[in-house]
Structure formats: C-alpha cells, structure tokens
Amino acid sequence: MTDNPSIRLRFAPSPTGALHIGGARTALYNWLAARHGEGELVLRIEDTDRERSTEENVEQILDALRWLDLDWDIGPVSQADRADRHAEALQRLLDSGAAYHDSATGKDVEAWKAEHGADRGYRGEPVSEEGAAVRLRVPDEGETVVQDLIRGPVSFPNRSYDDFVIARGDGSVLYNFAVAVDDAEMGITEVVRGDDHLSNTPKQLLVLEALGHEAPRYAHLPLLHGPDGKKLSKRHGAASVQELRDAGYLPAAVRNYLALLGWGTGDDTTVMPTAELVARFRVEDVGRSAAIFDEKKLRWLNGRFMREMPLDEYTAAVARHLGREPDERLRSACAIAQEKAQTLDEVWVLIRFLFEPPVDDEKAWGKVMREGAPAALAAARDALEATTDFDAAAVEDALNPIPERLGSKPGKVYQPVRVAITGTSVSPGIFESLAVLGREESLARIDAALARLAS
C-alpha cells in the first residue's frame, strides 16, 4: 500500500455467486473515483461465510472484474484471513469496557424491551459465562450521524439501537465489526456502496468510534430498478456481468452504460470512452433516486460502440465471441454487418449464411416467395451471371434496372434474392451480401430456390 494516498476506496463483494449488475456498478463507481482522484482501489473479498464463499464464487467475481477491465491496486484481500486482526480489536474493546459478554437470548431481549419500552434499544449486563456473545455498548444519548456524500447527513438516534452483537460465543466476529476494523486498518478513506447498507453504517461508525479510528466518508448508491420500477432481477433480462458478456456486449459499452445509471455529466453527454468517464466522474454527482436498468438502452449504446470500432478490432471481438479465427473471410463478413448489429451475438445471425447453408425460415419463405418471386429470381440470376465484376458496386449496377423492367418495387426483387441466399429476410445490405458470398455460391443458391419454387 502507498503510505499516504490521496484517497483509498474498496470494493468488497461477498463471493456468494456471480457478480450482479448492481454490484458491477458499485465496483465501477469505486474504480472511477479511485482513478479520478489518483488514489488506490482495494479489492477485499468478504468471505467470512465459509459455506457460500467458495473458490469458484471468488473466481466468478475476479473474472467479471477482469472482463470489465476494472483493475485494483491492492488485493484480493480475504476478510477471513484477517481473523487474528479482528480478534485483537475485539479484545481491545473488551479490555476497555466498550464491549462486554452477554448471554441474553432473543426472548430475554424481548422481555427487556417489554419492561423498558419497545422504542428503547436493549442494554445488557456483563457476564463471565463461557460461550457468551460479545455486545458493543451503545450510548443512550445523542445521535450517530452518517455524513453521506449523496444523501447529506442522515441521523440515527442512539437510544433506539440495541447494544448489538459484534462477536458470537465462539469468538468469531460479525459482519459490521469485521468491516469497520478492515476499513480502518486498510486506510479506506471513502466507502461507496449500495444504499441497502445504509442501516449498517451507524453500527460501523459506533465500532470505529469505540476503537478510536477516524471514519471514512460514505456514499450510499440508490439501488437499480428494472423498467417496471421494481428492484432489478433476472426477469428484467441479464442479471450478471457474465450474462452480459455471453450476450455479446462490449466491456467499454457496459462501463459507459453502468456509469450513467445514477450519475450524469450535466450536459447530457451519453457516449463516453472510459478515459472521459474517469476525468468527469464524481461520487457527489450521483443522484438520490433509483436508477433504471433498461437492456434496450444498453443494446443501443453497445451498437454505437460497435459501429465506431476499427474494422480489425471489430473482427477480433467477433472472432473471440464466436470462437473463430479472425481471418479475411470473417473480416469481409464483419465489414458488411458492422452497421447493423447491436451486439456480438447479432453479428452471427447476420453473417452465418456466409459460412453455412441458408437457414430454413419457413415464415420468411412463405411471406416472400410468392407471386412474382420466380420471375424476380430468374432476372436477378441472369444479371448476376452476366456482370463482369462481382463487387458490391457491380452487383448493385446489375440488379438496379430489374425492378423497373419487371414493373415491380425494389423490395419485391431484392427480398426473394435475400431469402434465396440466406434463408431468412434479415441480412446485411443485399448487394454487399451477394458480393461477399461470391458469384458461384450466389448463383447456386438462387438456382436451388428456383428449383424449390418450381416443385
């Protein structure tokens, strides 16, 4: 660690499964804040739940962060490996009297509150019994105030808080205690996390105060909702970073879109490279309202990023996604699909006719191959066979006169040709598609379509 970084943030996921989109946004905001402030980012794995915190789950988180290109300066640090540090801090509080052993059960606490008032926080009596839990003493007077960078000051009356448990009877510490100790000893200056943690913050502040540590600054991010206004879940589409990757989104587009979920530039800029996000991002500019994750908007933004990629970079991305080599054939295919596809998944749908026989889309065939289709295909075949060159411009020149000659609209000519060579009614531009497919294969597919129509 640097001795005196300007700021030090941490991303501290619990490895209980894939990194969900809300967690990815939290990681991104911490990363942007650290890079903007030329500070440091700590990756701390809060893995004290040993049953759920498997190596496979940890690797899922690391894999998601690497794909998003969100690096870290320190870590991954295992919270479980810091058990000795937690035990030392716990003993300090017991020695000072700021914490005490208490054997009260849940029913004991209920009985105490029935006697003293339900609005009162439980106050216990120290015991010397072996196996008793450890509670932190909470003052009866005053308030614990969270100075939140997004919400402003949020006050919690101490009187309403129980002397809360910070360690179990076996000595293992609880979440709020471990987090406070770790943040203090790692020199964390800013804690940026979801607002579902806001209720934990006063407890962590009380632990920090009892230990004599200065508190970090906090920022609690509003949670993500789906377009229907409900908490984001799998029913709204992709729920994890890996699902976004598998669906063909680009890391840069995902970073850009996640950054805009709650934060904005003030000038309505939407498309931003990561360097611009770093330069402009400030946690204080995050709004207080729930942000809406809309995969349709992400697809639109991803399409923008894909269209602006250099062709070689685009081809390499498609090749990785498809598990193919970025050869010249794939490069030519990508060149004609780049303006149309919005995700890497969509590229294959558009270009597979160049690598495989036409698909069997009965709906497209039935809609397009109707009266007039045989004449249009025959005329197109003759024109294509007669043209000297077979690039997109030559193909266009060869086919352009046919609609007028047949007294038909262009779509009535070009759609039958499209279905003949691809099997479906959706493809890149028809002239470019024919040119990349090549004269011999194009004529063979049109002949096959004519034979099918004749039968």
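The values are calculated or read from the model by the stated rules, or taken from the named source; none is laboratory data. This structure is a prediction, so every number in the text was calculated from the model and none was measured. Virtual Cβ from ideal backbone geometry, glycine too; neighbours counted across all protein chains shown. The accessibility values were calculated without ligands, DNA or RNA, using every heavy atom of the protein model including side chains. Shrake-Rupley method; radii C 1.70, N 1.55, O 1.52, S 1.80 Å.
Here are some notes:
- Residue ranges 130-139, 404-413 sort as 130-139, 404-413 when ordered by packing (mean number of other C-beta atoms within 10 Å per residue, highest first).
- Accessible area of the chain belonging to carbon and sulfur atoms, whole % at 1.4 Å probe: 48
- q = 0.13, 0.16 Å⁻¹, the range 291-385: log10 I(q)/I(0) [Debye, one scatterer per Cα]: -0.63, -0.82
- Accessible surface, the range 20-109, averaged per residue in Å² (probe 1.4 Å): 47
- Every helix of 4 or more DSSP H residues in the chain counts as -39500 (n - 2.57), and over all residues that averages to -14000 deg cm²/dmol at 222 nm.
- Counting 0.36 nm for each residue step from Glu325 to Glu339 and taking away their Cα separation leaves a gain of 2.9 nm.
- Cα Rg, Dmax, the range 1-77, angstrom units: 12.4, 37
- Straight-line cross-link partners of Lys297 among the lysines, defined as a Cα under 25 Å from its Cα and at least 8 positions apart when in the same chain: Lys230, Lys231, Lys234, Lys340.
- Here is the size of the chain from its Cα atoms: Rg then Dmax, 31.0, 101 Å.
- Average accessible surface area per residue within the range 312-455, 1.4 Å rolling probe, Å²: 51
- Estimated inter-spin distance, Tyr175 and Leu94, nm [label 7 Å along Cα→Cβ]: 2.4
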